[in-house]
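The structure under discussion appears below in the form of structure tokens.
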Amino acid sequence: RPTNFMAMVRAEYPIIYRARALALEDYVAYKGYLARRAAVTGPAGERAQALYLLTRLGDGSWRIAGCLLFRQALDS
């Protein structure tokens with residue numbers, strides 16, 4: 001349910017839920033996943049890097065399988 005998902009994002013990923021800025025970056029391989037990096041600036045100016053893990057569905061479309069947050073930038 002969308003309401004459950006948004007409640008989880010609000011509780012577990014507040015920097016993303018109320019992001020002041022989110023800049024999509026490159027694609028990388030991470031533990032068997034295709035992943036997309038993003039630079040995130042939170043509501044109080046705090047910065048983090050998000051790593052969105054992607055999975056391909058049977059119909060060929062892509063979905064986010066998870067999100068990891070890092071307070072420091074990841075090296076390529």
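Values in this text are rule-based calculations from the coordinates and carry no lab data. Keep in mind that what you see is a predicted model, and the values were worked out from it rather than measured. Virtual Cβ from ideal backbone geometry, glycine too; neighbours counted across all protein chains shown.
Build a GNM of the chain with springs between Cα atoms under 10 Å apart, and of Gly45, Gly66, Gly32 the one that fluctuates most is Gly32. This structure gives mean projected area of the Cα convex hull in nm², computed directly, and of (i) 5.1; (ii) 5.8; (iii) 4.5 that value is listed as (ii). Separation of the stretch 1-24 and the stretch 30-72, taken as the distance between their Cα centroids, equals 12 angstrom. Scanning the chain for trypsin sites (Lys or Arg not before Pro) lying in DSSP loops with no more than 15 further Cβ atoms inside 10 Å, the longest uninterrupted stretch between such sites is 32-70. In this calculation the C-beta distance from Thr55 to Arg20 is compared with R0 = 35 Å, giving a FRET efficiency of 0.80.
Distant-in-sequence amide contacts of Leu34, defined by a placed amide H-H separation under 5 Å and a gap of 5 or more residues or a different chain, comprise Leu54.
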